[in-house]
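Everything on this sheet refers to the single structure shown next.
Computed from the coordinates by the stated procedures, all read-outs in this text should not be read as laboratory data. These figures come from a predicted structure and were not determined experimentally. In this analysis, Cβ positions are derived from the backbone assuming ideal geometry, glycine residues included, and neighbour counts consider all displayed protein chains.
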Amino acid sequence: MAGNHGDILIHVHENLSGDRLQQLEETLRQKQCVFNVETTPENEHLFVVTLDSDCTDSSTVLQAVRDKGFRADLLGL
């Protein structure tokens, strides 16, 4: 994996569980330049996304979440 890797934290306002959670995780994993997506059962509304900042940025990943109909914001790490 070449490039500049960084983590971003996305807060989704909706309650996520089951299929909705899996669909959003899969959407993020399929984004070009996204290497990893993590969440925990205690914080299913928070997503730590590892990306290559040479080929995408946090606003592009955030927009992918919003395009799926979720209200979401970036939080500082």
- line: HN-Hα couplings for the range 10-18 via Karplus (6.51, -1.76, 1.60; θ = phi - 60°), in whole Hz with x for Gly/Pro, come out as 10, 9, 9, 6, 6, 6, 10, 6, x
- line: Other residues with Cβ under 14 Å from the Cβ of THR50 give, with Lys and Arg +1 and Asp and Glu -1, a net charge of -4
message: Using the Cα centre of the chain as the reference point, and only Cβ charges (+1 on K/R, -1 on D/E), how large is the resulting charge dipole? Debye, rounded to the nearest 20.
response: 200
- request: Over the chain, calculate the relative contact order: mean separation of alpha carbon pairs under 8 Å at least 6 apart, over the residue count, as a percent.
  value: 45
query: What angle, in degrees between 0 and 90 and rounded to the nearest 10, separates the Cα long axis of helix 58-67 from the longest principal axis of the Cα atoms of the chain?
result: 30
statement: Calculated from DSSP helices alone, with each H run of at least 4 adding -39500 (n - 2.57) and the total divided by the residues of the chain, [θ]222 nm to the nearest 500 comes to -9000 deg cm²/dmol
- line: A chain fully extended from PHE35 to HIS13 at 0.36 nm per residue, minus the present Cα-Cα distance, gains in nm 5.6 nm
- prompt: Cα gyration tensor of the range 5-75, axes a ≥ b ≥ c as square roots of the eigenvalues: rounded (a/c below 1.5), prolate (a/b > b/c) or oblate?
  reply: prolate
